[in-house]
Amino acid sequence: MGPDPAVATVRVAVRHALAEVPSGMPVLVACSGGADSLALAAALAFEAPRAGRPAGGVTIDHGLQEGSAARADAVVRLMYGLGLDPAGSVAVTVGRAGGPEAAARDARYAALDDAAARLGAAVLLGHTRDDQAETVLLGLARGSGARSLAGMPVEFVRSDVRYFRPLLDLDRATTRRACAAQGLEPWDDPHNEDPAYARVRVRRDALPALETAVGPGVAAALARTARMLREDTAALDEWAARAHAQAGGTDLDLEVLAALPRAVRTRVLRRAAVEAGCPAGTLAAGHVDEVDRLVTAWHGQRHVDLPGRVRAGRRCGRLIFGPA
Ligand SMILES: Nc1ncnc2c1ncn2[C@@H]1O[C@H](COP(=O)(O)OP(=O)(O)OP(=O)(O)O)[C@@H](O)[C@H]1O
């Protein structure tokens, strides 16, 4: 008899992801102990030896709840029990910048970067299609641009570490069933049920209400929207990279800029500002719009000051980014 269908589905997803990891590179699963990453850990433990690949796991103790260290130890034991080696926990200190969720995420990724870099490993994350749908819906409700509505990519690199999300096409019900079928007991983080978080309210109230209003399959539809937007934004980014090189780095030809569609021009302006030293995370849409007005609605305004002490101003038919 073959494995339970949910177990088989998660394993196939992991097998496909492993095929994308450079040969010989070890793989680490980031496991919180929740159903998604636990099902992912079990599938990795099954698939990695068959692919001839070393595989381990890491869990992060954010230290935000009572008993978190003991729970991290339990996740480590679970991972060893599955056959993942090495398996370890990393305790992190969560700061305050950007709010509690963002601070926990920053601390978690920094710790995952370190753990993976030490082993020269790639990292698997357990985000599912439901997480993707929530991200897109939150972005829509907040009026985000295409970059944000494009949701989470299946694969990305940060700090030279390759990250993969093998479960992005699977729903949460599948990971829960896969855990149950293998006798794995996931830990349900109370934060995931806390209505103080907008994401929890979207999961609990908004998505079910949408399903009632427009019919089943809303999460899959939102994930499809994200995938299409990701392709579109990748094309626009590529166009902007070429236009940026053509317009001239941090000293840009105003005529070339003015001839570009706004979606491409604002991307070029953003790139130029960052190249001149403006920290990418601090550059808001409003800043870029103000610089854009120097190009398309100039009526004598002198310059625009940007974060990172960068200044954009017009001179002799050029838009110049430099130190303020
Ligand atoms: N404490 C943690 N330790 C290790 N990895 C984590 C931790 N928290 C989150 N992750 C990783 O990030 C992914 C997404 O995080 P998120 O907070 O949405 O997950 P979760 O609901 O806590 O757990 P799960 O996704 O396993 O059900 C997880 O699937 C996991 O891969």
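The values are calculated or read from the model by the stated rules, or taken from the named source; none is laboratory data. Values in this document were obtained by computation on a predicted structure and should not be read as measured data. Every residue, glycine among them, receives a Cβ derived from its backbone with ideal geometry; neighbour counts consider all protein chains shown. These area figures cover heavy atoms from the full protein model, side chains too; ligands, DNA and RNA do not enter into them. Shrake-Rupley method; radii C 1.70, N 1.55, O 1.52, S 1.80 Å.
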Which residue is farthest from THR266 (Cα to Cα), if the candidates are limited to the stretch 284-315 and must be hydrophobic (A, V, I, L, M, F, W, C) and at pLDDT below 90? ALA284
Subset of the stretch 298-310 (residues that are surrounded by 15 or more Cβ atoms within 10 Å (Cβ to Cβ) and within 13 Å of PRO279 (Cα to Cα)): LEU306, PRO307, GLY308, VAL310
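With the requirement that a residue be more than 6 Å from the ligand (Cβ to nearest atom) and buried (at least 24 other Cβ atoms within 10 Å of the Cβ), what does the stretch 19-37 give you? So that I can check it myself, show each step before the final result.
First, the residues of the stretch 19-37 that are more than 6 Å from the ligand (Cβ to nearest atom): 19-29, 33.
VAL27, LEU28, VAL29, listed by residue number.
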Single condition ASP171 does not satisfy, out of (1) within 30 Å of ARG262 (Cα to Cα); (2) open to solvent by less than 50 Å² (accessible area, probe 1.4 Å): (1)
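Residues in the stretch 9-24: is at least one within 23 Å of GLY183 (Cα to Cα) and of a type in the set (Gly, Ala, Ser)?
The answer is yes; a qualifying residue exists.
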Among residues of the stretch 60-74 being touching a strand residue (DSSP E or B) at 6+ places or on another chain (Cβ under 7 Å) and in contact (Cβ under 8 Å) with a residue 12 or more places away in the chain, the residue most open to solvent (accessible area, probe 1.4 Å) is ASP73
Verdict on ASP189 being in the same structural domain as GLY63 (by TED's automatic domain parsing), within 25 Å of VAL7 (Cα to Cα), at pLDDT below 95 and of a type in the set (Asp, Glu): yes
Considering every residue within the stretch 255-262, establish whether at least one is touching a residue at least 40 places away in the same chain (Cβ under 8 Å), within 11 Å of LEU319 (Cβ to Cβ), open to solvent by 40 Å² or more (accessible area, probe 1.4 Å) and not in a helix (DSSP H, G or I). no
Please find, among ALA87, ALA117, the residue that is open to solvent by 30 Å² or more (accessible area, probe 1.4 Å) and under 21 Å from ALA17 (Cα atoms). ALA117
Residue match in the stretch 166-173 (condition: in a loop (DSSP other than H, G, I, E, B), assigned by TED's automatic domain parsing to the domain that holds THR128, in contact with a Leu (Cβ under 9 Å, 6 or more places away or on another chain) and on the phi > 0 side of the Ramachandran plot): no
Please go through the stretch 101-122 and give me each residue that is farther than 25 Å from VAL200 by Cβ, of a type outside the set (Gly, Ala, Ser) and in contact (Cβ under 8 Å) with a residue 12 or more places away in the chain, ordered by number. ASP113, ASP114, LEU119
Return only the number of the condition from (1) in a helix (DSSP H, G or I); (2) under 29 Å from ARG267 (Cβ atoms); (3) open to solvent by 30 Å² or more (accessible area, probe 1.4 Å) that ASP131 does not satisfy. (3)
What do you reckon, is ARG53 touching a helix residue (DSSP H, G or I) at 6+ places or on another chain (Cβ under 9 Å), farther than 22 Å from ARG129 by Cβ and away from the ligand (no atom under 12 Å from the Cβ)? yes
Specify the residue that is surrounded by the most Cβ atoms within 10 Å (Cβ to Cβ); the eligible residues are those in the stretch 192-226 that are among the basic types (Lys, Arg) and in contact (Cβ under 8 Å) with a residue 40 or more places away in the chain. ARG203
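So which residues in the stretch 138-168 are open to solvent by 50 Å² or more (accessible area, probe 1.4 Å) and more than 21 Å from ALA206 (Cα to Cα)?
If the condition is that a residue be open to solvent by 50 Å² or more (accessible area, probe 1.4 Å) and more than 21 Å from ALA206 (Cα to Cα), then ARG147, VAL154, GLU155, VAL157, ARG158, SER159, ASP160, ARG162 are the ones that fit.
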